[in-house]
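The values are calculated or read from the model by the stated rules, or taken from the named source; none is laboratory data. Since this is a predicted model, take the numbers as computed values, not measurements. In this analysis, Cβ positions are derived from the backbone assuming ideal geometry, glycine residues included, and neighbour counts consider all displayed protein chains.
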Amino acid sequence: MLIFAVEWFYGDVVVTKKRFMMPALLLSVLCLFALLSDSRAYDIEDSVHFGKMASDSSSAWLDNDDDPNIAAATAYYYVSTSGSDANPGTLALPWRTIQKAANTAIPGSTVYVRGGTYHERITVRISGSASAGHITFQNYPNETAVIDGTGLAVPAGATGLFLINSRSYIIIKGFEIRNFRTATLDIVPVGIHVRGASRHIQIRNNRIHHIEHNGTASSGVDAHGIAVYGTAPAQAVTGLIIDGNELYALKLGSSEALVVNGNIDGFSITRNNVHGNNNIGIDAIGFEGVSSDPATDQARNGVIARNTVYNINSYGNPAYGTDRSAGGIYVDGGRNITIERNIVHHNNIGIELASEHAGRSTSYITVRNNFIYLNDVVGIYIGGYDSLRGSTEYCRIVNNTLFKNDRLQWGNGELQLQYDTRSNVIKNNIFFANSQNYFITNPFVQNTSNVLDYNIYFSPGGSASGRWQWRKRWYTGFGAYRTTTGKELNSLFVNPVVISTALPDLHLQETSPAIDKGQNLAVSGKTDIDGDARVQNIIDIGADEVR
């Protein structure tokens, strides 16, 4: 006789529909204790208020293991490589495939996948609920569950090793997801793919690698590690959390390692480690036609925080050839997004705020309290990369530390204002240039009402050798730049005295002249790069607050 598939927890006792099972009781209680003892990686400061302007909320992400809306699981299922889908899905008699669980699990349940390798593509066909709770798919504690695409064909259309299409209250947690490849044009392999009108989806602590398009053409060779596409014009993807994942060794073509695109309203991308990929690390996109309604075709109201992004390089990618154009963090047409407390280094481009679509803009983005260093081409780009693109407007770039970017010395400097930049604020930043002494460049005259002040500049060549460009005109020397443009009247040219320029360690020493020299701004947020109080007296310049 088959035992009913769900084990229900009532206090300290596990019972089933058919009979009492003492072995299942002991094992399930041990499993529960293992979960409760799992420590969180950091303490949360504030919660996300989805739908509120993210730029005006401070440190506004969720470590959503703390989310009070996520109730403890009430039912448990198990999957094992030694199981059978004819089994009831208990710990003693597990299922064989994750797909069986993705067809069957009920709201509020957890699916534990035992260690081993699963060669399957999973489509989640069930949803949790606000009242009963999320359905969680996760590795069994202290075991490695691998979803491996080796030998699986990548089909046309929406696909992924995990596919969630217009489902709600789903958590994908703790898997290794790998080896999903194709060389067929216009077929797109994805590790975890969320789309449609999905709501309250969480993607946590997964390790995603070797998702590859191995075609050699210059187009039609796309792939993603994690992709969230809001394709429903009337219902946004909302309540989205992407936290604690590692994405590496991805061959992406003209696509991105981690992307939110289209009708996305309310998202949190936090604590991810994105590295060693051949195109953009993290991207929030609008106006690509993902939503058929232009009014909702825009990722918005989100937070990108405490991620580490490095070694992102498009050189040799068939879609780009010898171009080095891959950004660590990119907002292309997004709105109301805070990018804070990230470490972005050794990419082609550090952070870019732009719109690739004429007549559209990236707007109301706050970039604050980040370390941005040793990127190949530039530290920060804002504006369209040519006159056929859109604009960047009403963005705030405050309290960042930029160090020796434009590593290849192409003449872009630490920050470049590209085509059509409007009403942006650039304050309280440290710009530490390399030996070419380039700080701010601006090769376009379409530059309107942008404000720069309370910044610190420094380079080995000294103040007289520093180079700034404003509205296509070059200035040599900090004094000439300030006097002629009338800008930066409260800015300084001085060594900021960081802990180490060799590693680098961009925290300030106690003797730094950046301490207490900034302008107190609400938009600078409540905490610095390390989570320390941002304003303790007068705000320090740069990402680090000393006292």
Quick one: which strands (runs of 3 or more DSSP E) sit completely within the stretch 105-168 and have at least 1 residues that are closer than 24 Å to Asn263 by Cβ and out of contact with any Asp or Glu (no Cβ under 7 Å at 6 or more places or on another chain)? 122-124, 135-139, 162-165
Of (1) among the polar types (S, T, N, Q); (2) under 35 Å from the mean Cα position of the chain (by Cα); (3) under 23 Å from Leu508 (Cβ atoms), Ser463 satisfies all except one. Which? (2)
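Here are some residues: Phe444, Phe439. Which one is hydrophobic (A, V, I, L, M, F, W, C), in contact (Cβ under 8 Å) with a residue 60 or more places away in the chain, more than 20 Å from Arg341 (Cα to Cα) and in contact with a Gly (Cβ under 8 Å, 6 or more places away or on another chain)? Before the answer, list the steps.
On the way: Phe439 fails: in contact (Cβ under 8 Å) with a residue 60 or more places away in the chain.
Testing whether each residue is hydrophobic (A, V, I, L, M, F, W, C), in contact (Cβ under 8 Å) with a residue 60 or more places away in the chain, more than 20 Å from Arg341 (Cα to Cα) and in contact with a Gly (Cβ under 8 Å, 6 or more places away or on another chain) leaves just Phe444.
Yes or no, residue by residue, for (1) in contact with a Lys or Arg (Cβ under 8 Å, 6 or more places away or on another chain); (2) basic (Lys, Arg); (3) more than 21 Å from Arg547 (Cα to Cα):
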position: Glu488; (1), (2), (3): yes, no, yes
position: Phe493; (1), (2), (3): no, no, yes
position: Pro496; (1), (2), (3): no, no, no
position: Ser500; (1), (2), (3): no, no, no
position: Leu503; (1), (2), (3): no, no, yes
position: Leu508; (1), (2), (3): no, no, no
position: Ile515; (1), (2), (3): yes, no, no
position: Ser524; (1), (2), (3): yes, no, no
Heads up, the strands (runs of 3 or more DSSP E) in the stretch 231-335 (entirely inside) with at least 2 residues that are over 23 Å from Ile380 (Cα atoms) are 240-243, 264-270
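Residues of the stretch 355-370 being modelled with pLDDT of 95 or more and buried (at least 24 other Cβ atoms within 10 Å of the Cβ), which ones?
Start the filter on the stretch 355-370 by keeping residues that are modelled with pLDDT of 95 or more, which leaves 362-370.
If the condition is that a residue be modelled with pLDDT of 95 or more and buried (at least 24 other Cβ atoms within 10 Å of the Cβ), then Thr362, Ser363, Ile365, Thr366, Val367, Arg368, Asn369, Asn370 are the ones that fit.
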Of the listed residues (Ile312, Ile280), the one being β-branched (Val, Ile, Thr) and either closer than 27 Å to Arg167 by Cβ or touching a Ser or Thr at 6+ places or on another chain (Cβ under 9 Å) (or both) is Ile280
Of all residues in the stretch 85-100, which are β-branched (Val, Ile, Thr) and closer than 19 Å to His119 by Cβ? Thr97, Ile98
Sole miss for Gly253 among (1) over 19 Å from Asn179 (Cα atoms); (2) touching a Gly at 6+ places or on another chain (Cβ under 9 Å) is condition (1)
So which residues in the stretch 501-518 are of a type in the set (A, V, I, L, M, F, W, C) and out of contact with any strand residue (DSSP E or B) (no Cβ under 7 Å at 6 or more places or on another chain), if there are any at all? Ala502, Leu503
Residue match in the stretch 526-540 (condition: at pLDDT below 95 and buried (at least 22 other Cβ atoms within 10 Å of the Cβ)): yes
Can you pull out the residues in the stretch 406-443 that are small (Gly, Ala, Ser) and either touching a helix residue (DSSP H, G or I) at 6+ places or on another chain (Cβ under 9 Å) or closer than 30 Å to Ala502 by Cβ (or both)? Gly411, Gly413, Ala433, Ser435
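When you check Ile135 against the structure, is it under 21 Å from Asn272 (Cα atoms), surrounded by 15 or more Cβ atoms within 10 Å (Cβ to Cβ) and either among the charged types (D, E, K, R) or without any contact (Cβ under 8 Å) to a residue 60 or more places away in the chain (or both), yes or no?
Taking the combined requirement at face value, the residue does not satisfy it.
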Enumerate the pairs (first residue in the stretch 196-213 and farther than 15 Å from His275 by Cα; second residue anywhere and modelled with pLDDT under 95 and not in a loop (DSSP other than H, G, I, E, B)) with beta-carbon separation below 9 Å, excluding pairs fewer than 6 apart on the same chain, so at least 6 apart or on different chains. Gln202/Asn64; Arg204/Asn64; Arg204/Asp65
